[in-house]
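Nothing in this text is a laboratory measurement; each read-out follows from the coordinates by a stated rule. Just so we're clear, the structure is a prediction, and the values are computed from it rather than from any experiment. In this analysis, Cβ positions are derived from the backbone assuming ideal geometry, glycine residues included, and neighbour counts consider all displayed protein chains.
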C-alpha cells in the first residue's frame with residue numbers, strides 16, 4: 001500500500017518521496033486515515049516505527065485546508081516531554097510541510113524566551129512545545145489557545161507520568177472543549193492507560209506491537225558484576241571489542257557525569273547529556289556523537305529520548321532502569337532500519353528485582369555472561385518467569401569482633417583491584433556447583449545454562465524516526 005492510497009495530498013506525498021519512504025509503516029497505515037477522519041487516537045507503538053509521521057502528515061493535510069493562524073494564536077499544539085524530542089518533531093513538521101504554506105515553531109526551556117515570544121507574535125499553525133516553557137509563554141500572554149483544533153501528546157506514557165500530569169491539566173484547562181486529541185507513545189502502563197482514557201474522547205486504540213516486546217534485530221544479554229567494578233568492566237568491553245560508537249544509559253545525572261570522567265581518564269572520548277546540561281552542551285555532545293568525535297555518549301532516560309541514529313551498534317545499560325518499560329525504550333535505540341544491534345546490561349546483586357521485572361515484562365530470561373576477572377563476589381540470584389519475586393541477596397554475618405569488607409551500604413565486596421577488602425574471601429562465597437554455570441578465567445565471556453545464545457526477542461520494529469522521554473525538562 002502506498003501513501004497516496006491513505007488519502008494524503010500531492011504536496012505531502014512529494015515530501016514523503018523526497019525522504020525515500022516508499023510504503024507506510026503499520027502505525028502509519030492505521031493512524032493516518034483515523035486522524036484524517038477527525039477521530040481521537042490513542043496509539044501504542046515502539047520507537048522506530050514511524051509514529052511521528054503517523055500524526056504529522058494527516059495534521060498538515062487538515063491544516064492546509066483551513067485559515068492561517070491569527071497573531072499569538074496556534075491551531076495545533078504538540079506537547080513533548082523533552083527539548084530534544086520537541087526539536088526532532090519540529091524538524092519532521094518542516095520536512096513534511098515544505099511544499100505547504102504553513103508556519104510552525106518549537107519552544108522549550110533552557111534557551112532565551114524572547115525570540116520564542118517574537119515568533120509567536122505572528123501566530124503559527126503548528127506549535128511544538130515542552131509543558132514548562134509553554135506555561136511560561138501562556139502566563140506572559142505570548143500564546144493564546146482559543147483556536148487550537150488538535151492536541152497531540154507525544155510520548156504520552158511520559159507526558160502523563162505523575163511528574164507531568166499537573167502541567168498537562170493546567171494546559172488542558174485552557175484549551176477549547178471541541179478539539180481532536182491524539183496520544184502517541186512507545187508503551188502504556190496500566191495506570192497510565194487508565195489516566196489517558198480520561199483525557200481523550202472515544203479514542204481509536206491502535207497497538208502496532210505489544211507493550212512488552214523488544215525488537216527482533218537486537219541481541220541482548222547481561223554481564224553479572226559487582227557494583228564497584230562496573231566502570232572497569234565497561235572500559236574493558238569498549239577496548240576489548242573495539243566499540244567505536246556506543247550509547248550508555250545511567251540512572252542518574254551524577255552517575256552519568258562520574259562515568260564520563262572515568263572513561264576520559266582511560267583515554268576514551270565520552271560526553272554526557274542530561275537535564276542539568278545546557279541546551280548548547282547537549283546539542284554539541286549529540287552532534288559530536290553522530291559525527292564520530294565522541295566515541296561514547298552517556299545519557300539519562302530523559303535526555304536520550306531525542307537521540308535518533310539509524311545504525312547505532314551498541315547500547316549499554318550501565319544501570320538497569322527503575323521502570324521496566326524503560327528497558328524496551330533503551331534497547332530500541334539500536335537494531336533500527338533493518339540493522340542488527342547489541343544491548344548489554346551490567347547487573348549487580350542489588351538490581352535483581354529490576355532484572356526480574358524486566359524479564360517478566362519481555363517474557364524471557366536474559367542470558368548471563370561472566371567476564372574473566374570481573375566475576376561478582378556477591379552473586380546475582382537466579383531469576384525465573386513465575387510471579388514470585390526473587391529473594392534479594394542476604395549478606396552473611398561476620399563473626400563477632402571481625403571488621404572487614406565495605407561498610408558503605410553497597411553490596412559490592414571488591415575493592416578497585418578486584419580483591420576482597422579486609423582479607424581473604426570467605427569460604428563458599430563463590431558458587432561453583434550450579435549445573436551448567438561456568439565462570440571464565442580468561443578475558444572472554446561465557447553463557448550460563450539459562451542464557452545460551454544472545455536473546456532475540458519476538459517482535460520487529462519498523463522504520464526509525466521517533467524518540468522518547470521521562471520527567472519534566474521543559
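Just a few scattered comments:
- Separation in nanometres of the label points that stand 7 Å from Cα toward Cβ, at residue 254 and residue 87: 2.8
- At R0 = 25 Å, FRET efficiency that the Cβ-Cβ distance of residue 190 and residue 322 yields, to 0.05: 0.90
- Counting 0.36 nm for each residue step from residue 353 to residue 311 and taking away their Cα separation leaves a gain of 12.0 nm.
- Estimated FRET transfer efficiency when R0 is 30 angstrom, pair residue 21-residue 175 (beta carbons, to 0.05): 0.40
- Residues 119, 227, sorted so that the one with the fewest Cβ neighbours within 10 Å comes first: 119, 227
- Per-peptide average of other Cβ atoms within 10 Å, ordering 322-328, 74-80 highest first: 74-80, 322-328
- Contour excess over end-to-end distance, with Cα ends at residue 68 and residue 94 and 0.36 nm allotted per residue: 7.7 nm
- Using a simple spin-label model with pseudo-atoms 7 Å out from Cα toward Cβ, residue 239 and residue 14 lie 5.6 nm apart.
- Residues in the range 1-18 reached by a label modelled at residue 37 [backbone nitrogen below 17 Å; 7 Å Cα→Cβ]: 5-8
- Take 64-70, 33-39 and order them by the average number of nearby Cβ atoms within 10 Å per residue, most first; the result is 33-39, 64-70.
- Cα-based radius of gyration for the range 4-207, normalised by 2.2 N^0.38 Å, reads 0.95.
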